[in-house]
1. For the range 635-700 and the range 237-266, compute the distance between their C-alpha centroids and round to whole Å.
2. Rank by packing, highest mean first: peptides 413-424, 384-395, with packing defined as the count of other Cβ atoms within 10 Å averaged across residues.
3. Checking the cross-link filter: which aspartates and glutamates have an alpha carbon closer than 13 Å to that of LYS516, excluding same-chain neighbours under 8 positions apart?
4. For LYS77, list the aspartates and glutamates whose Cα falls under 14 Å from its own Cα; do not include residues on the same chain fewer than 8 positions away.
5. Which FRET efficiency value, to the nearest 0.05, is calculated for GLU604 and HIS534 with the Förster distance at 35 angstrom and r the Cβ-Cβ distance?
6. Could you sort the peptides 69-76, 545-552 by per-residue average Cβ neighbour count (10 Å cutoff), highest mean leading?
7. Distance from a point 7 Å along Cα→Cβ of ILE158 to each backbone N in the range 196-232: keep the residues under 15 Å and list them by number.
8. Could you pull the Rg and Dmax for the range 331-372, using just the Cα atoms, both in Å?
Amino acid sequence: MNGDIMLAMAMLLSLSAMLAYVAGYGGKATWGKRLTVIATIFIVAASANLWMMIFQNRFDIAYVANYSSAELSPMYKVSAFWAGQQGSFLLWLLIHAVAGLFLCYRSRMKNAGMIVYLLLQSVLCVLVIAKSPFEPAAQTMMNGHGLNPLLEDPWMAIHPPVLFVGYALMAVPFAYSAYALISGDKGTEWLESTRKWALAAWAFLGAGIFIGGYWAYKVLGWGGFWGWDPVENSSLVPWLLSAVFIHLLAVSRVRKPTLSVMHLSIIFVYASVLYGTFLTRSGILGDFSVHSFSGSSIGLTIAVANGLVLIAGLLLLMFRVNTLPQGKMYTGYNSREFLVLLGMLLTVFIAVIIFLGMSMPMLTQLFGRPASVDTSFYVRTTMPLAIVLMLVLTCACIHRYGDGNLLPKTKVTFVAFVIGAAWAFAIGAHQIMPIALAGASGMAAYASVYAWRHHALRLGGMVAHVGLGLAMIAMVLAGSGSREIQQEIVPGNTVDVLGHTIAYQGQEFAEDGRSKYYVYTVDGSEVKALTKLHASGEDAAREPAIARLVTGDVYIAPVPPKEEGREEMILKRGHMQMDEDYAYRYDDVRIEPHGGGSMLVTAEIAITDGDTVEHVEPTIIATMDGGNSHPIEIYGGAKRIRLTGISSDNMQARIEVLPSVQEMATEPVTAKISTKPFIWLLWLSACLVVIGMAFGIRKS
């Protein structure tokens, strides 16, 4: 069955299941469950169909041709499923549908919640159908374009699905909230189920953000883990708002009047997920983000869906807010309730600032030429708020719920402030704001452990808060303490740079000709910078060399040379043409089928150095959409030549003359060398935050 038909059936069945839950409102809605299962089967079948097309090299399908290729390894054929926006929407729908099965069979979700959840599932079906991954290609290709070489990395293979699990699971708390508002449920049973799903979604979203940051640091070579790119921020805003929702959930179990604010927060959480998707996939950020997809009609569809979800949620809350518990949300300013609410208000302020910054290209486009904000805008505006947030977190941890209920002997907490600030100063942070952030973050981390030891904070909360505090310290250390220099090093030479002894050993080429390495030693330990190569031998993607030390990383990113010694020549048949070393004559050409509609073109070329003549036969595999060829050595590897084209009348051959492998290996290379003090602490802290969330799911 065609994939689009499967998706259409899934949408109809999702709507039918929703209507069955409406008809069985207040009862068991057996048909609603059955139709939900059948809809999920069709979604799973459509997903399996796309994977099958990718593995079968169905390049007559546009999506497969754009994101896969015959030579792509199995792991990256799997990840090609979500490499483009069509496949990522289908992945989102798949995760949403599978979670729906747990909701209707294993969870306490009532009919009203399932109605909302299935409505959201129908909306996702519309988005996938509107931008279908099963659309036929305009013309059949012999081979696909394959993945961007930067995406051929294990971390990037798992980053999107982990992130989309977080996005998809955010629909569950939204549905629970809608259920409580629609039904008027004033109990606490649904709060516990909501908390577990929200923590799971928050953990996956946080893990996805962390994996993306680590990939950027490890692969892109610019030395950072976060660039405040609008698309990066589009996942950070829902994560921050999810933190607000989860903390409001905790307070609402003690102070019922906070339920109204809690409902408001989850509405904006899910709306921010859809809004970030709109920014990423509408093409609005095409000129402002390296991650953005090209523009398409899908942007309007997402915008409409986002608007409907937000307006419907706000209207529902507005009509039901008077039925929610009324009264004071906190007993006094010296209570944990107040401090948690204050911390969440600060978190909202940070999220709003980031939201405005990432939306600036769209907002300015309404009044003229689109423009974006630079990274300093985010640092200047969020750092003061982050400092206050860490201080509030410290105060909240050393309080129990109830006015004036302070833990004993908390004055020692200030010592942690001094240690954090002194650590940042010693590393090289000499501005007051970073030093204050490091100190406040150290104090917050210690206060979390102190609260846990006095049974005022559960294990999951303690681990997550410690991770957050250490993450802030690590950002200060790796940011303010980082130093960078650009240095040219000749192979075999050793230089002392930034307190480290660095030697450059030269270049190594992989046997398959698809990659090369710049080999360095840092303080005696060997590290390699990887450069992935196109079939032509040109650089396709680069990864830095990273020496991981206890005190931090030494980060070496080779700068590609402006002139690589390549020379292009057009040879006329039967005529001699010379460069500074050799004379070349194009004698003949053979063209024969190569399979799959491609042709193997072999040129016969004679080369002489004045004393001897060497005959070589460079080849190129020509396809309807281009071709590829590999360099071959001449005169024992003194140089290399590559056939790049033959004229339509076969009277001219175009070749590229390249330096020898040995010559390239001995060329001096300029590299950006930088230090990243205690950057490993950031990766550790991110893991702690995710682990803390996972612990939190187990305990009520």
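1. Measuring centre to centre over Cα atoms gives 44 Å.
2. Packing order, densest peptide first, comes out as 384-395, 413-424.
3. GLU508, GLU538, ASP539, GLU543
4. Candidates past the 8-residue exclusion: GLU152, ASP153.
5. 0.90
6. Sorting 69-76, 545-552 by mean packing, highest first, produces 545-552, 69-76.
7. What the label zone holds, given the 15 Å backbone N cut-off, is 204-216.
8. When restricted to Cα atoms, the range 331-372 yields Rg and Dmax of 16.5, 50 Å.
The values are calculated or read from the model by the stated rules, or taken from the named source; none is laboratory data. Remember, it's a predicted structure, so these values are computed and weren't measured experimentally. Here the Cβ is made from the backbone with ideal geometry for all residues, glycine too, and neighbour counts use every protein chain on show. SASA here: full protein model, heavy atoms, side chains in, ligands and nucleic acids out. Shrake-Rupley method; radii C 1.70, N 1.55, O 1.52, S 1.80 Å.
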